[in-house]
Amino acid sequence: MRLTDVLDRGGFDLARVLESTPDFLEHPEHHHEADIASVSLSVKQPLDAGRFQAWISALLQEKGADMLRTKGILDFAGQPERFAFQAVHMMADGNGIGPWKEGEPHESRLVFIGRNLNRPQLRRGLESCIAA
């Protein structure tokens, strides 16, 4: 499985969304439910891209309905670029966004926004992606 099997699926194509839901941007009232929370995680060691892809794919498949938004900057082992990752429910996308800035710590940071988020389980999952 490659990252492109999960990413580059067109899930963030606004034109496509507006074709199927023309009033998507016309919601004047915006309420958050009380059970929505966020979990922020970071690891200083580089991640294995294959392990991350397998983990995030399985996580979004299993918990996608509860995962409202996931986003982050990732440091993949052997890759000179920062990788920007984002997902809405089960739709994920990402790409390289240029080299790390001088002096910038090379660490991966992910934020999950959703319902029924299990911080220890998410932490263990991310840590299982650390490159050997």
| message | Any residue that is of a type in the set (A, V, I, L, M), under 16 Å from the mean Cα position of the chain (by Cα), at pLDDT 95 or above and assigned to a strand (DSSP E or B) - is there at least one of those in the stretch 57-69? | response | no
| request: Only residues in the stretch 109-126 that are under 14 Å from Ile36 (Cβ atoms) and touching a residue at least 60 places away in the same chain (Cβ under 8 Å) count as the first member; pair them with residues that are among the polar types (S, T, N, Q) and surrounded by fewer than 18 Cβ atoms within 10 Å (Cβ to Cβ), Cβ under 7 angstrom, at least 6 apart or cross-chain, and list the lot. | output: Val111/Ser38; Val111/Ser40; Phe112/Ser38; Ile113/Ser38
| Subset of the stretch 100-121 that is under 17 Å from Leu47 (Cβ atoms) and surrounded by fewer than 17 Cβ atoms within 10 Å (Cβ to Cβ) - its residue that is nearest to the chain's Cα centre (by Cα) | Val111
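The values are calculated or read from the model by the stated rules, or taken from the named source; none is laboratory data. Everything numeric in this text was worked out from a predicted model, so none of it was measured. All Cβ positions, glycine included, derive from the backbone under ideal geometry; neighbour counts span all protein chains shown.
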